[in-house]
1. Just the Kirkwood number for the stretch 1-88, please: inverse of mean 1/r across all distinct Cα pairs, in Å, one decimal.
2. For LYS78, which aspartates and glutamates qualify as cross-link partners when the Cα separation must be under 18 Å and same-chain residues fewer than eight apart are set aside?
3. Helix by helix through the chain, keep the DSSP H runs that span 27 Å or more along the axis on Cα and average at least 0.0 on Kyte-Doolittle, and give those back in order.
4. Counting only residues 5 or more places away or on other chains, whose amide H sits under 5 Å from the amide H of ASP51 once H atoms are built in the peptide plane?
5. Go ahead and set up a Gaussian network model of the chain, Cα springs under 10 Å, then flag whichever of ALA195, ALA107, ALA290 fluctuates most.
6. In the chain, if the dipole is taken from +1 on Lys/Arg beta carbons and -1 on Asp/Glu beta carbons about the Cα centre, which of THR146, HIS350, ALA18 is farthest to the positive end?
7. Quick one: which residues, 5+ away or cross-chain, put their amide H under 5 Å from the amide H of LYS38? H built at 1.01 Å from N.
8. Could I get the Rg over Rh figure for the stretch 197-291? Both from C-alpha atoms, Rh via Kirkwood, rounded to two places.
Amino acid sequence: MDLITTTDALAAACIRLAAHPFVTVDTEFLRETTYYPKLCLIQMAGPDPADAYLIDPLAEEISLEPFMALMADPNVVKVFHSARQDLEIIWNLGQLVPTPLFDTQIAAMVCGYGDSVSYEQLVNDLAKARVDKSSRFTDWSRRPLTDAQLTYALSDVTHLVSVYEALMAQLQKNGRLAWLSEEMSVLTSPETYQADPDNAWRRLSGRLRKAKEVAVLMEVAAWREREAQNRDVPRGRILKDDALIDVAVSAPRSTEALGRLRSIPNGFERSRTGADILEAVERGLTRDPATVPMPERSRGRGAAGAVVELLKVLLKAVAEQEGVAPKIIATVEELEAIAESDTADVPSLHGWRRSLFGEKALALKNGQLGLVLERSRVVVRDLTRAEAV
């Protein structure tokens, strides 16, 4: 089993794959010591068993331009499983998101295989094969790669062919292929992969309660994100999350105050990085608290909380009845929003989700729908018909 290590060989493989209606794609990468994932291997396969390839992006004599051209080919569907990280890598390589796109994990959720179904489960159920996971956590940057690594890597895309074909058949049979396009629009949006330092605070903001704390967090988190990007190291190498929160809460304004924080390493406060943190703190403190976007708090209290709990039961009942994973229909945050407002601007009140679940959620909330137990199963009942009778 040979690796493609030259541009000419890669171009020839891509020409063969471009003749097929779809191509399955996977990548192996490392990101433990870097901010951006380091691409170590690309796997691709077409419906013809002869068209299965392993590409070495670390080879000195290779350009990935033919691969990028294939990813941009509008006539070839690019099939991934749990595509988010693979797409991030391709975006970082060439500011390109592969289209048209098919994510088998999302498709499986639409087909009723549960929330975040694993690749191994789909291969077992749909391809009637087993995945040897022994090479999954090996170092893909070391050369030469072992035969076991290459066999494992190639099987990821060859099995994916059968998984894709089976899911496509199911989607066409149940008329849900159009549902996927809405999900793919998020994955194919460049904004999904643009790591804006000014938004880095959002991931940690739920742990804070005061506008001043959030204002400082916004500045310090943005500084850390830029540092990590510029130095291509993990965020935690710059400053750990706990330290970031401590700085936001205490807002130290001197070297001494920064050094007194238990989460700050000894001597850190006297470094250039320590000075940068203090400058970020000052920027945060100059923000007008009234303009600071505070994170939303859970709405799950009182009467609204009871409505949310009922909506959760309804969601599970509808998901079981329709054979769709609950996670892809609505999130808890969406249920909370619906509990507060019939006109909440959430995905579950738009498109196919509204027809499947949203209308029922509003009817339940407004007393037009009921939930009853029949043989240990929750069943949805239309109360307006019962009243008419």
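Bear in mind these aren't lab numbers, they're just calculated from the coordinates by the rules spelled out. Here the structure is a predicted model, which means the values were calculated and not measured. Quick reminder, even Gly has a Cβ in these numbers, built from the backbone with ideal geometry, and neighbours come from all protein chains shown.
1. Details: mean 1/r = 0.0747 Å⁻¹.
So the Kirkwood estimate lands at 13.4 Å.
2. Filter leaves ASP26, GLU28, ASP48, ASP51, GLU65, ASP86, GLU88, ASP103, ASP156, GLU165, GLU182, GLU183.
3. Helices meeting the span and hydropathy rule in the chain are 147-174, 302-322.
4. Long-range HN contacts for ASP51: GLY46.
5. Highest fluctuation of the listed residues: ALA290.
6. Highest projection toward the positive end goes to HIS350.
7. LEU30, ARG31
8. Working: Rg = 12.1 Å, Rh = 13.0 Å.
Rounded to two decimals, Rg/Rh equals 0.93.
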